[in-house]
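Only the coordinates and a few stated rules stand behind these numbers; no lab work does. In this text, all values refer to a predicted model and were calculated from it rather than measured experimentally. With ideal geometry, Cβ positions are generated from the backbone for all residues, glycine too; neighbour counts draw on all protein chains shown.
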Amino acid sequence: MIWLIGCNGMLGTELSIILEKSGLSFIATDREIDITDPLALDTFIKNKPVKWIINCAAYTAVDKAEDDAETCRRLNTFGAANIASCAGNIDARLLHISTDYVFDGKGIYENNTDTPRPYREDDTTNPVSVYGLSKRDGELAAMENNHNSYIIRTAWLYGKYGNNFAATMLRLMNQREEISVIDDQRGSPTWAFDLASLILIFIEYIDSGNTIPPGIFHYTNEGNISWFDFANEIYRQGAELGLIKKKCAIIPCTTAEYPSKAQRPVFSVLDKSKIKAALDISIPDWDKSLREYLKNCAL
């Protein structure tokens, strides 16, 4: 049995649907079980044959976290620690979702190149926001409290359920004559459906008797683009599919021109070689997954 925690968020909702279709036995909870209360977790799981816990619960209000560090840390760090301990108490595996925000986004340059290489799982973390710090510490706490912890870092997540960049762009492009979008931050958009599907593959692979050592893995869609590039492709495909019904100019701007309370990683492309090798999979390109999202999920 799988216990899915945080079932009502963007990723959790996708996972709930996919698990239901898979026929796997699972239970799903959200805020009705307080992850900051170890006793509540242990009481809920008592006498349930849970072999996996998937933790999608998180405080994700990145800017708000700068003024609400205590709440952010309670959920993202202490909550992760409690869930890991709970899993360990019943000898269950933990699959915990983390983020590119654990890195500072300055990039790692090798061989005298002008372009940073994608971040690997064992690269030094150096979060530059309260949110990023809470998630990095949550990773450490999960691995310390349960030796059967698998952590999947992702980035630029969007999907059918909940607020996200793609949905916001579609709305604004249908409302405004022009929008400004940041062009000096680079990353890889990730469709929540693809990540949820990957999580199911990951669990089924191990449950089939295959061995993957616990640790950290990276997963995003393939690609290295800016938010401006992402917005342009949303506009192009959205108009083509009839989801955007008016002209809207997309204007590039810098991070400095669009100030926010929390600092964002300027470069957050993640190296996915480890998970591709472990599962012998290919990963969809970001623009192809965007089309599937727009065709099946948008508006």
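Please determine whether any residue of the stretch 101-109 is more than 28 Å from Ser188 (Cβ to Cβ), surrounded by fewer than 17 Cβ atoms within 10 Å (Cβ to Cβ) and of a type in the set (Ser, Thr, Tyr). Checking the stretch 101-109: not a single residue is more than 28 Å from Ser188 (Cβ to Cβ), surrounded by fewer than 17 Cβ atoms within 10 Å (Cβ to Cβ) and of a type in the set (Ser, Thr, Tyr).
It is to be established whether one or more residues within the stretch 219-238 are in contact with a strand residue (DSSP E or B) (Cβ under 6 Å, 6 or more places away or on another chain), closer than 20 Å to Pro118 by Cβ and among the charged types (D, E, K, R). Yes - at least one qualifying residue is present in the stretch 219-238. For the structure I just gave you, tell me whether Ile251 is in contact with a strand residue (DSSP E or B) (Cβ under 8 Å, 6 or more places away or on another chain), in contact (Cβ under 8 Å) with a residue 24 or more places away in the chain and closer than 13 Å to Ile152 by Cα. For Ile251, the condition - in contact with a strand residue (DSSP E or B) (Cβ under 8 Å, 6 or more places away or on another chain), in contact (Cβ under 8 Å) with a residue 24 or more places away in the chain and closer than 13 Å to Ile152 by Cα - is not met. Only residues that are farther than 15 Å from Met143 by Cβ, crowded, with 21+ Cβ neighbours inside 10 Å and among the hydroxyl-bearing types (Ser, Thr, Tyr) were counted across the stretch 63-100, and they come to 1.
In the stretch 1-114, counting only helices (runs of 4 or more DSSP H) that sit wholly within it, the ones holding 2 or more residues that are touching a residue at least 60 places away in the same chain (Cβ under 8 Å) span 10-22, 69-73, 79-89. For the stretch 1-28, filtering for residues that are touching a Gly at 6+ places or on another chain (Cβ under 8 Å) and more than 13 Å from Ala87 (Cβ to Cβ) leaves 8.
Note on the stretch 237-248: residues that are assigned to a loop (DSSP other than H, G, I, E, B) and either surrounded by 12 or more Cβ atoms within 10 Å (Cβ to Cβ) or without any contact (Cβ under 8 Å) to a residue 24 or more places away in the chain (or both) amount to 5.
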